[in-house]
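S.K.: Handing you this structure, nothing more for now.
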Amino acid sequence: MAATAAFRLHPAAFFSVHPREAGTKKPLHHCPPHRILVPRRACLLRAKSSNGLPQMGASFGNTNEAVPAEVIDGRPAGDGPPEQGGSTVSITVVGASGDLAKKKIFPALFALFYEDCLPEHFTVFGYARSKMNDEELRTMISTTLTCRIDKRENCGDKMEQFLQRCFYQSGQYNTEEGFAELDRKLKEKEEGRLPNRLFYLSIPPNIFVDVVRSASRTASSSTGWTRFIVEKPFGRDSESSGELTRSLKKYLAEEQIFRIDHYLGKELVENLSVLRFSNLVFEPLWSRNYIRNVQLIFSEDFGTEGRGGYFDNYGIIRDIMQNHLLQILALFAMETPVSLDAEDIRNEKVKVLRSMRQLKVEDVVVGQYKGHTRGGRSFPGYADDPTVPKGSVTPTFAAAALFIDNARWDGVPFLMKAGKALHTRRAEIRVQFRRVPGNLYRRNIGTDLDKATNELVLRVQPDEAIYLKINNKVPGLGMRLDRSNLNLLYSERYRREIPDAYERLLLDAIEGERRLFIRSDELDAAWAIFTPVLRELEDRRVAPELYPYGSRGPVGAHYLAANYNVRWGDITGDDGSF
């Protein structure tokens, strides 16, 4: 028999949709396929609903008529006469003096400007109660702006150009006077152009409605579109979430509300549907026939760090599981959508959420970290935080077993766990497959179920990666099996910085792309899963299991997984770190 030529399978053959030519330098444009690229204007979108008709956006100026929002680069399509000066986008960050605005929102806007992804004509306004002028705002945000690693040569010029488009308006959140003055200043900047306005509510949820009421009445665009980005938390349970939605809809149409979950903008979360729907090797395996469990893991290696008072109002289940992890689960488990249009994708996500069982207390483990000394250094416990109420039973860790009662996923446990002050920082999706029927090499593998099966891991953060665990023969004369990884490590495959999630989501909001934002019925379905167990935990004041700061979490989480013959993939010692 003729000797076969040895070959090496590059991981990009599995995972890369658009491989770049080696050594070719191209400008970074992270626009997905539904956008088009044109010179100097990198990210243009034609926003349509699932039936191909223009999406609608409501205007709250002097008329109640709906305004068409079919947009190509911010220019409404239609038969009316074009505006003499084209269009402009005004972005107002409400709560501009807060940490989220300074650390995430302003840097994301600058990054979009740096990559030529913002419209040619745009203005950024900060709005907050703090007394500040334009120069003071520019000084404040300039300390947080950074340029792409591969394009630093014109960083200073770009930064100065961006800062000159940033302005500030001081005002109260619950009165219209400040927003009326903001409207006057916006009109000065927008003069001669079709005005489109985006408001980012980087404020506590208890003042969402006040700001929306004031801004929609006095600072909405009279002829262009007006949109509001709303940050989580979206209520504390089904009742408060529903009340928030009803209150917002008194002043806004659903199409104007962009409920942001920044995890949906993460690169690996975006790649989840690409991996599944564009690779024939995975799509046929994506069901109960081949998958025995799915794990969604989130861990932070630090505690509440003085923010315990705020965190105590919500806890880890509301903070992480009900939104970030559940959204990822819905994207993972959904059926193939009709198209990549926002409504088609969100329709499939809602179907998954509505098919899920309500959580019960016996399917949940809660924990709270306690003080611990390691390496001569003392780490305080959650209860040691002076901002945390005495005797608090708010969980800083939770693990849960969820089930989807449909034909594709019947009987497959979806295990979630999330916690603070754990041994490492990570967020990942682990897909553990079933064992090979009648495996010829079962004697070599033994009874270890994890070694007898394959596992696909999508590491969302840090060090983004996708790797597939396989069994192979160790070179030599004997027959010894080894577990190895076929991996795609992003930092090695793509030699450039990965855009921050806020960049992608802000760009989508500006362009009217809603697929990564949460619809109201989607939010209702998510809360329906978690509200009963949250109420029972709080009504019974279930005491969380204590675990040391820097540990792997409470022991109860391992017993919960064992109930379903599952071992957490991040504690096997074979976690794919490289």
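S.K.: Let me cross-check Val393: its accessible surface, 1.4 Å probe, with only protein heavy atoms counted, in Å² to the nearest 10?
M.R.: Roughly 40 Å² of Val393 is accessible to a 1.4 Å probe.
S.K.: With label points built 7 Å along Cα→Cβ from the Cα atoms of Asn154 and Glu362, find their separation and express it in nm.
M.R.: 6.5 nm
S.K.: Moving on. Can you work out ³J(HN,Hα) from phi for every residue in the range 403-411, in order, using Karplus 6.51 cos²θ - 1.76 cosθ + 1.60 and θ = phi - 60°, giving whole Hz and x for Gly and Pro?
M.R.: Coupling constants for the range 403-411: 9, 10, 8, 9, 5, 6, 10, 3, x Hz.
S.K.: Give me, ordered by chain and number, the residues 5 or more places off Ser551 or on other chains with an amide H under 5 Å from its own placed amide H.
M.R.: His423
S.K.: Dividing the Cα radius of gyration by the Kirkwood radius, what Rg/Rh value follows for the range 264-568? Let's see the in-between values first.
M.R.: Details: Rg = 20.4 Å, Rh = 20.9 Å.
Over the Cα atoms of the range 264-568, Rg/Rh equals 0.98.
S.K.: Compute the length gained on full extension between Thr146 and Arg288: take 0.36 nm times their separation in residues and subtract their Cα-Cα distance, giving the result in nm to one decimal. Display every interim value, and only then the final one.
M.R.: Working: separation 142, 0.36 × 142 = 51.12 nm, distance 4.53 nm.
Taking 0.36 nm per residue and subtracting the Cα distance, the gain is 46.6 nm.
S.K.: For Arg567, Arg193, give me the order by solvent-accessible area with a 1.4 Å probe, most accessible first, ignoring ligands, DNA and RNA.
M.R.: Working: Arg567 110, Arg193 65 Å².
From most accessible down to least: Arg567, Arg193.
S.K.: Under 15 Å from a label point 7 Å along Cα→Cβ of Glu120: give me every residue in the range 188-210 with its amide N that close.
M.R.: Answer for this model: 193-194.
S.K.: Right, another one. Between Ser240 and Val542, how many nm apart are label points set 7 Å from Cα along the C-beta direction?
M.R.: Result for the modelled spin labels: 1.9 nm.
S.K.: Assuming 0.36 nm per residue, please report the length gained on full extension of the stretch Tyr314 to Leu280 beyond their Cα-Cα distance. Walk me through the numbers on the way to the answer.
M.R.: Numbers: separation 34, 0.36 × 34 = 12.24 nm, distance 4.13 nm.
Full extension from Tyr314 to Leu280 adds 8.1 nm.
S.K.: Considering only protein heavy atoms, with the full assembly of protein chains and a 1.4 angstrom probe, order Ser491, Ser142 by accessible area, largest first. Let's see the in-between values first.
M.R.: Numbers: Ser491 75, Ser142 35 Å².
Largest to smallest exposure gives the sequence Ser491, Ser142.
S.K.: Can I ask one more? Could you give the accessible area per residue of the range 264-568, probe 1.4 Å, as a whole number in Å²? It would help to have the intermediate numbers written out before the result.
M.R.: Working: 12830 Å² over 305 residues.
On a per-residue basis, 42 Å².
S.K.: How big is the Rg/Rh ratio for the range 313-465, C-alpha atoms only, Rh by Kirkwood, two decimals?
M.R.: Looking at the range 313-465, the ratio lands at 1.04.
S.K.: Net charge within 15 Å of Gly419 by Cβ-Cβ distance, Lys/Arg positive one each and Asp/Glu negative one each, not counting Gly419 itself? List each step's numbers first, then the result.
M.R.: Values: positive: Arg318, Lys370, Lys417, Lys420, Arg425, Arg426, Arg552; negative: Glu300, Asp301, Glu305, Asp319, Glu428, Glu545, Asp570.
Local charge sum for Gly419: 0.
S.K.: Which whole-Hz ³J(HN,Hα) couplings does the range 284-299 yield from phi under the Karplus relation 6.51 cos²θ - 1.76 cosθ + 1.60, θ = phi - 60°, glycine and proline marked x?
M.R.: x, 8, 7, 6, 4, 5, 10, 9, 9, 6, 10, 10, 10, 10, 9, 9
S.K.: Can you work out the Karplus-derived ³J(HN,Hα) for every residue in the range 229-241? Use 6.51 cos²θ - 1.76 cosθ + 1.60 with θ = phi - 60°, whole Hz, and x for glycine or proline.
M.R.: The phi angles translate into 8, 10, 7, 5, x, 9, x, 10, 6, 4, 5, 5, 5 Hz.
S.K.: Take the cross-link list Lys104/Lys187; Lys185/Lys249; Lys349/Lys417; Lys102/Lys469; Lys349/Lys420; Lys266/Lys420 and give me the ones stretching past 32 Å between alpha-carbons. Spell out each step's value before the answer.
M.R.: Details: Lys104/Lys187 27 Å; Lys185/Lys249 26 Å; Lys349/Lys417 21 Å; Lys102/Lys469 40 Å; Lys349/Lys420 28 Å; Lys266/Lys420 20 Å.
Long pairs (Cα-Cα over 32 Å): Lys102/Lys469.
S.K.: Check cross-link reach from Lys158 to the aspartates and glutamates: straight Cα distance under 16 Å, and skip same-chain residues fewer than eight apart.
M.R.: Reachable aspartates and glutamates: Glu115, Asp116, Glu120, Asp150.
S.K.: For Phe122, which sequence-distant residues (separation of 5 or more, or a different chain) have an amide H within less than 5 Å of its own amide H, given hydrogens modelled in the peptide plane?
M.R.: Sorted by chain and number, the residues that satisfy this are Val89.
S.K.: For Arg480, Arg535, give the ranking by accessible area with the largest first, probe 1.4 Å. Walk me through the numbers on the way to the answer.
M.R.: Numbers: Arg480 150, Arg535 105 Å².
Result of the area sort, largest leading: Arg480, Arg535.
S.K.: Moving on to the next point. What figure, in Å² to the nearest 10, do you get for the accessible area of Lys250 with a 1.4 Å probe and non-protein molecules left out?
M.R.: Here the residue's solvent-accessible area equals roughly 150 Å².
S.K.: While we're looking at this one, here's another question. How much of the accessible area of the range 264-568, in percent, comes from carbon and sulfur atoms when a 1.4 Å probe is used?
M.R.: 50 percent
S.K.: Near Trp286, within a Cβ-to-Cβ distance under 15 Å, what is the net charge of the other residues, with Lys and Arg +1 and Asp and Glu -1?
M.R.: Numbers: positive: Arg276, Arg288, Arg292, Arg408, Arg430, Arg434; negative: Glu283, Glu335, Glu348, Asp410, Glu455.
Charge balance near Trp286 sits at +1.
The values are calculated or read from the model by the stated rules, or taken from the named source; none is laboratory data. The structure presented is a predicted model; accordingly, all values stated were derived computationally and were not measured. Because the Cβ atoms are built from the backbone with ideal geometry, glycine has one as well, and the counts that use them run over all protein chains shown. The accessibility values were calculated without ligands, DNA or RNA, using every heavy atom of the protein model including side chains. Shrake-Rupley method; radii C 1.70, N 1.55, O 1.52, S 1.80 Å.
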